[in-house]
Amino acid sequence: MDVQQLSSTVAVNQAVISAGPRLAPVFVQGQRILIECPAWCTVDHIASDEISLADVWHGSDYANLSAPRMGMDPELVLFARLGIDSYSSKPELRDSFVVIGDGAEGYYMAPDQADQFAANLVAFAAQIQAMADTARGVA
């Protein structure tokens with residue numbers, strides 16, 4: 001994906017994320033009810049019959065970071081996703097958050113923390129690019 005395609009994808013995703021909530025069906029103990037669902041939520045609330053309304057959570061599509069490997073297929077290194085767990089016992093999860101994970105551990109972040117993490121990723125990417133240039137023999 002080139003930079004122009006990436007920019008276009010980010011713009012479309014940003015438009016979805018900033019759209020308002022909608023009503024979505026969910027099954028709770030076999031009963032179909034409607035709940036308010038963030039526009040960015042892609043969880044299929046009908047797919048599982050929850051035990052209680054408190055079990056319903058919201059999540060966005062994943063953003064995935066895969067790493068190429070010499071002589072092997074790329075492998076998922078990190079993923080990110082928006083989430084909200086309105087009935088969580090942890091108050092910080094009752095508002096929208098960003099979760100970064102590697103499949104083993106999740107790192108839950110408030111929006112400001114996610115901004116800082118993104119800035120760290122940009123700096124990290126610049127360091128990787130400098131290493132690649134050095135390995136390539138570019139001064």
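Here are the numbers for this structure:
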item	result
Rounded FRET efficiency, nearest 0.05, which uses the C-beta distance separating residue 72 from residue 48 and R0 of 30 Å	0.30
Within the range 32-131: Cβ-based charge dipole about Cα centre, in debye rounded to nearest 20 (Lys, Arg +1; Asp, Glu -1)	180
Label point distance in nm, residue 33-residue 120, each placed 7 Å from Cα along Cα→Cβ	3.9
For the range 86-135, size of Cβ-based charge dipole, Lys and Arg +1, Asp and Glu -1, in debye	120
Heavy atoms of residue 92 accessible to a 1.4 Å probe, total area in Å² rounded to 10	120
Charge dipole of the chain about the Cα centre (unit charges at C-beta), most positive-ward option of 64, 84, 34	64
Relative contact order for the chain, counting Cα pairs under 8 Å that sit 6 or more residues apart, in percent	12
Heavy atoms of residue 65: accessible area, 1.4 Å probe, square angstrom to 10	90
Residue 128 accessible area, 1.4 Å probe, all protein chains in place, Å² to nearest 10	80
Heavy-atom SASA rank of 42, 134 (probe 1.4 Å, accessible area, largest first)	134, 42
Fully extended contour minus Cα-Cα distance, from residue 62 to residue 88, at 0.36 nm per residue	7.3 nm
Descending Cα extents along the principal axes, the range 54-139, whole Å	56, 28, 18
Within-13-Å neighbourhood charge of residue 29 [Cβ basis; K, R +1; D, E -1]	-2
Cβ-defined net charge surrounding residue 85, 15 Å radius [Lys, Arg +1; Asp, Glu -1]	-2
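The values are calculated or read from the model by the stated rules, or taken from the named source; none is laboratory data. In this text the structure is predicted, and so the values were computed from the model without any measurement. Cβ sites come from the backbone with ideal geometry, for glycine too, and all protein chains shown count toward neighbours. To get the accessible areas, we keep the full protein, side chains included, count just its heavy atoms, and leave off ligands, DNA and RNA. Shrake-Rupley method; radii C 1.70, N 1.55, O 1.52, S 1.80 Å.
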